[in-house]
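What follows is calculated from the coordinates using simple rules that are stated; it is not laboratory data. The shown structure was predicted, so the numbers you read here are calculated from the model rather than taken from an experiment. Virtual Cβ from ideal backbone geometry, glycine too; neighbours counted across all protein chains shown.
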Amino acid sequence: MKLQDKVAIVTGGSRGIGYAVAAAFVSEGAKVALCGSRAASAQKAAQKLCAQYPQAELLPLGVDVSSSSQVEAMAAAVMERWGRVDILVNNAGVTSTKQIFDMTDEDFDAVLRINLSGPFRCIRAVAGIMRRQGGGSIINTSSMVGTYGGKMQTAYSSSKFGVNGLTKSCAKELGPYGIRVNAVAPGVVGTDMVAQSVDDRMLAALQSLTPLGRMATPDELAGAYVYLASDDASFTTGTILHVDGGIVM
Ligand code: NAD
């Protein structure tokens, strides 16, 4: 059990990569605040996880990460339940596939507000708690397009470049308090996000650029988060860990 009795918050935990991470954390002994954008989806995901792991200690929460007050309430609810926060996974995210000619201010800002300002808000909400505890591990979900950029992905890739900057800057600022800050940068993963935003032709093209020749399952990402959350990564901070099948775009 690599995370025995650790307290973790996972945003965007109701499905996809976040759900797989929450499940892996539970299987490693962590207590998990499973956050979805709505309370009902978080509750449903927690019920599913409890069916798989009857011993799971879960706190399902509806948290819109674009709202500072909801993020602060999330941290307060976890403190009230368990009195500490050891791990924060900033995984909630949305995408937008649009040519720059058609992108409105609102389109661009909506993606940044969730994908970049969301992790900032969550880090701000828990960093003081982790500092008082003497340490913690923060893991942000970046993306391959945070390294390579992406056509029709201006807002999304900009947000993920920003996530990498947030990761490296917070690693510098919070390292002296024993708080490690890293990111996982997935390639193509079979989730609702890909099903809704990538057509068959684009998917085939992306897979042909991937040396492993296929997309990942969400479970194949989870081990990287367990590693970064655990003491195995006690000297790892400011790292962007690529889990992308070797894709070069
Ligand atoms: P998904 O659509 O299955 O899950 C997204 C999650 O984010 C959901 O739980 C959703 O409820 C939550 N969410 C959305 N808006 C929110 C908000 N305002 N507040 C709180 N939660 C919100 O997608 P996924 O593929 O599992 O994506 C998870 C993360 O992985 C995202 O950050 C995404 O950018 C990143 N990512 C995904 C892929 C991929 O190929 N699927 C690749 C690279 C990076």
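Under unit Cβ charges (Lys, Arg +1; Asp, Glu -1), what dipole magnitude, rounded to 20 debye, does the stretch 64-204 have relative to its Cα centre?
On the way: 14 positive and 13 negative charges, 148 e Å.
It comes to approximately 720 debye.
Among the lysines of the chain, pairs that are 8 or more positions apart or on different chains and have alpha carbons within less than 15 Å of each other number 5.
Based on alpha-carbon positions alone, could you give the equivalent ellipsoid semi-axes of the chain from the gyration tensor, as √(5λ), descending, whole Å? Walk me through the numbers on the way to the answer.
On the way: eigenvalues 147, 75, 68 Å².
Semi-axes, largest first: 27, 19, 18 Å.
In the stretch 175-249, a dipole from Cβ-located charges (positive for Lys and Arg, negative for Asp and Glu) runs towards its positive end, and of Leu203, Ile179, Ser230 it is Ile179 whose Cα lies farthest in that direction.
Annotation: amide H-H contacts under 5 Å for Leu61 (H modelled 1.01 Å from N, sequence separation of 5 or more, or interchain): Leu34, Cys35, Gly36.
Distances between every pair of Cα atoms in the stretch 64-194, grouped in 10 Å steps from 0 to the bin holding the largest one, split as 13, 41, 32, 13, 2 percent.
Here the Karplus relation 6.51 cos²θ - 1.76 cosθ + 1.60, evaluated at θ = phi - 60°, turns the backbone of the stretch 151-162 into coupling constants of 4, 6, 10, 4, 5, 5, 5, 4, 5, 7, 4, x Hz, with x for every Gly and Pro.
Please list, by residue number, everything in the stretch 86-106 whose backbone N is under 15 Å from a paramagnetic label point 7 Å out along Cα→Cβ of Tyr227. Correct set: none at all.
Amide H to amide H distances under 5 Å link Leu88 with Ile9, Ser137, Ile138, Ile139, where only residues 5 or more positions off or on other chains count and H is placed in the peptide plane.
Model label sites at Ala110 and Gln4, defined 7 Å from Cα along the beta-carbon direction, differ in position by 4.7 nm.
Arrange the following residues from fewest to most other Cβ atoms within 10 Å of their Cβ: Tyr53, Tyr19.
Details: Tyr53 13, Tyr19 24.
With the fewest neighbours first, Tyr53, Tyr19 line up as Tyr53, Tyr19.
Dipole size in debye (nearest 20) for the chain around its Cα centre, Lys and Arg Cβ +1, Asp and Glu Cβ -1?
Its charge dipole is roughly 380 debye.
Report the extension gain between Arg201 and Arg131 in nm, rounded to one decimal, defined as 0.36 nm multiplied by the number of residues separating them, less their alpha carbon distance. Mind dumping the intermediate values first?
Numbers: separation 70, 0.36 × 70 = 25.20 nm, distance 4.74 nm.
Fully extending the segment from Arg201 to Arg131 adds 20.5 nm.
Percent of Cα-Cα pairs more than 18 Å apart in the stretch 81-154, please. Provide the component values of the computation, followed by the final result.
Working: 1365 of 2701 pairs.
It works out to 51 percent of all Cα pairs.
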